[in-house]
Structures are given as structure tokens and as C-alpha cells.
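Working notes, beginning with the structure itself.
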Amino acid sequence: MSLSVLIIAHNERENIADAISSVSFADEVVVVDNGSDDDTGEIASKMGAKVIRSDENIGYADAKRLGIEHCAGEWILWLDADERISDELAEEIVGAVKNPENFAAFKMPRKSFFLKKWIRHCGWYPDYVLRLFLKDRAQFSDDLVHEKVIVEGEVEKFSNPIIHHTDPDIEHYLKKLNHYTTLGARQMAAQGKRASALDIVIRPVATFLRMFIVKLGFLDGMHGFVLSVFSAVHTMTKYAKLYFAAKR
């Protein structure tokens, strides 16, 4: 059975080479250059990846569907540009593809780094994500953000984590915050949801307390505190956008 790696990238010149290098065990790498205005696509092409270019950012789910159409493998490994596959996880993936038993997909824990520190708590680990699946047994949801893989069949778990280098600095986090909160608010509006003043006040506090206290984020030190505060701001911003959009 063959394995294709699918990477969706938008202005990822700093990450794309390392992402591709970490999946050298795959039969092919397909990169969807999703409206980039840097040289992401050129870098990926020079590294031997099959590059599919979109002149504009077509959204996460549509970009993944486009990429899958160009994947020749029976198995698809979906990887974000800021993620890496360790040697240990690569062995598990290769073994699963060779002998999947009756499983149609596999989840793996995700080890995420925030401001270059591994966040062990805050609800961030093990954070299992479904990333390896049979091409003809799975499809992506229509969610505008945090789209999911919908699988027909049984799902197994790997023991080794995928490495996620998210938000190396605060500027990067804040830039993403505006984009993701807009998509999140639009998605809730499309689902018929509305926000109240209480949502804007109470939900951010609940987010902070859940991450920093209940999920033991305080054990991650200042990184855990900053992440919990930023996550509360993310929650407040999303609900505020939903609230004021309905007032127009």
C-alpha cells in the first residue's frame, strides 16, 4: 500500500522545508500552495513535492479536498506546515500502512510548542489528532476552521506524538488570532448561533480557569499563564465578533 503526505500551506516559507524533510519515508508529498505570496511553492517543488497552486486562499477544507484529488496513495497522512513527524512516529506510520489490520484511520498524540516551549498541560497534551487515513474511507467536514476528518471504519491510536511548532512568538499568535476568530464567528453564525453580553464576559473567564487551573496550566509557568490569557482573549474576541455582527 502506498502513502501520500498532504500539506496545506499559505506563506509557510519558514516551515515548509522542515515539514517535507520529516516525511521522507512517504511515497509522495503533495503540497497545496493556498494563495501564498511568498516562495512557499518554489521551495516545496525544489524538494521534490508535487505542488498544486491556488491563486487565492480557498479555505482549509476545500484546499484539503483539492489536495486529496492529486494524491495517488491509498493512505493519506495530513500534516500542517508547522508540524513534524519524528523518527519514532514514522516507524509507527510505516508499520500501520504495511499492516493496518482492520483499521481505516489512526490518531496520534500532538506535542505542541508555544513560544518554543512544550506545553504539557492547559489541555494541550496529549491532544489526539486523526491524521492518517484510507483515502477512500474518509472525507473532510465543511467547518470553516478546525475542520475534521470523518472516517468510515475503526480508528486506532499511535503512541508517539506528532511535533507541533505553533506560535514561535507573540506576534505570530496575535496575527492568527484575528483570522481564526473571524472564521470561528462566521461558522457559529452559519450554524444559527448567537452571542449575548454574558457570553463575552463569562466565557473568557471560564476558558482561563479551565486551562490554567483545571487543566493545570500553572505547571507550565509563565508560558502556561500567557497561553491561558491569550486563549481567553481568543474566546472573547470570537464571541464579540459574533455579537456585533448580529447588530449590523
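Read the figures in this text as sums done on the coordinates, not as results from a lab. As the structure is a prediction and not an experimental result, all values here were calculated from the model. All Cβ positions, glycine included, derive from the backbone under ideal geometry; neighbour counts span all protein chains shown.
Brief remarks follow.
- Inter-residue pairs, beta-carbon under 8 Å, first in a strand (DSSP E or B) and in segment 121-146, second loosely packed, with under 15 Cβ neighbours inside 10 Å, 6+ apart: Leu130/Lys148; Leu134/Gly153; Ala138/Ile150; Ala138/Glu152; Gln139/Ile150; Phe140/Lys148; Phe140/Ile150
- Those residues of segment 160-172 which are surrounded by 13 or more Cβ atoms within 10 Å (Cβ to Cβ) and in a helix (DSSP H, G or I), in sequence order: His172
- If you go through segment 44-56 and pick out every residue that is buried (at least 16 other Cβ atoms within 10 Å of the Cβ) and among the polar types (S, T, N, Q), you end up with 1.
- Sole residue being outside any helix (DSSP H, G or I), among the basic types (Lys, Arg) and free of Cβ contacts under 8 Å to residues at least 60 places away in the same chain, chosen from Lys175, Lys238, Lys193: Lys193
- Pair list, Cβ under 6 Å, 6 or more apart: segment 2-15 residue more than 13 Å from Leu77 (Cβ to Cβ), other residue in a loop (DSSP other than H, G, I, E, B) and among the hydroxyl-bearing types (Ser, Thr, Tyr): His10/Ser36; Asn11/Ser36
- For segment 1-21, taking the residues that are closer than 22 Å to Lys98 by Cα and outside any strand (DSSP E or B), the one that is nearest to the chain's Cα centre (by Cα) is identified as Ile20.
- Near pairs, Cβ below 6 angstrom, 6+ apart or cross-chain, from segment 45-67 (of a type outside the set (D, E, K, R)) to any residue that is part of a helix (DSSP H, G or I): Met47/Ile20; Ala49/Ile20; Val51/Gly41; Val51/Ala44; Val51/Ser45
- Where Ser24 falls short, out of the listed (1) assigned to a helix (DSSP H, G or I); (2) without any contact (Cβ under 8 Å) to a residue 12 or more places away in the chain: (1)
- Tyr180 within 29 Å of Asp87 (Cα to Cα) and in a helix (DSSP H, G or I): no
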